[in-house]
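Read-outs: derived from the displayed coordinates by stated rules, not from any lab. None of these values were measured; they are calculated from a predicted model. Every residue, glycine among them, receives a Cβ derived from its backbone with ideal geometry; neighbour counts consider all protein chains shown.
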Amino acid sequence: MTAAATARVTGWDRQAWREAMFAEMRARMAKRAVPQNVEPKRAEKAPMESAVKETPRAAPKEAPADGRASAVSHPSALALAKPDCVKCMGRGVRVSAAPMAYCGCVYRCVFRMCVGKYRELQSSEKWVSQVCLDGQRRTRKKWGWGRPHEEFCADLYLISRRRLSKWEWRLFEQFHLGEATWRQLCGSLNVDRGKFFHAVYRVEERLGRAYWETKPYSLYPISEYFGR
């Protein structure tokens, strides 16, 4: 019985179970790193060749076909992942996915951070907004004046509008940007509670990925968007 199975049988200790899973994963990765093809010993038919001292060759690094090593070691996904996520186990990467990609909890965390910043800027007083010299995020040869607070809100609004369908946009505008509750929207959108929250998670994951992967200026990280 493996360590993960032992931790699962003895009790529902989530921390012990996660440590056991990481230990098994490290053991498998260490076993995979050991070169399997061992060069057989040379026969004694050629004594001159045996006298020559050959320099040992380094084992070639096998690049994973689906990019698992680079994805697992990505620090951003690990920092944004939900600790008790049942799909990625807090690693931020779904191992079962082909090709491997970030877990939905990572994109939902990015979504909540960007939308939280949007709501903060919308609820702040107008005098808080400021005009600043913009040139840190773009080519330094082209400086210009801008209003980063209004630009961030406009970018988030337009990206969300382009990525969502008409029904999803209505849900996003009233639930995430507005003040409507799920009880009110379930009746107006003609869905039950389960389908409503499945749609909410799907919208958050899609928009969180869009906020992060938009080029050339993504909304996340927020500090880089504002040039700090």
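Listing 89, 21 from fewest to most neighbouring C-beta atoms within 10 Å gives 21, 89.
Going from the residue with the fewest nearby Cβ atoms within 10 Å to the one with the most, 219, 185 rank 185, 219.
Only the Cβ atoms of Lys and Arg (+1) and of Asp and Glu (-1) were treated as charged; on that basis the dipole of the stretch 105-225 about its Cα centre amounts to roughly 400 debye.
If you plug the beta carbon distance of residue 158 and residue 87 into 1/(1 + (r/R0)^6) with R0 = 22 Å, you get a FRET efficiency near 0.15.
Neighbour counting of Cβ atoms within 10 Å sorts the residues 17, 167, 182, fewest neighbours leading, into 167, 182, 17. The stretch 151-170 and the stretch 196-228 have Cα centres lying 11 Å from one another. Couplings 3J(HN,Hα) for the stretch 221-227, derived from phi with the Karplus relation 6.51 cos²θ - 1.76 cosθ + 1.60 (θ = phi - 60°), are x, 5, 5, 6, 5, 7, x Hz, where x marks Gly and Pro.
Once you've got the Cα coordinates, tell me which of 87/195; 82/195; 126/215; 166/195 are over 24 Å apart. It would help to have the intermediate numbers written out before the result.
Working: 87/195 20 Å; 82/195 22 Å; 126/215 29 Å; 166/195 17 Å.
Going by Cα-Cα distance, 126/215 fall outside the 24 Å limit.
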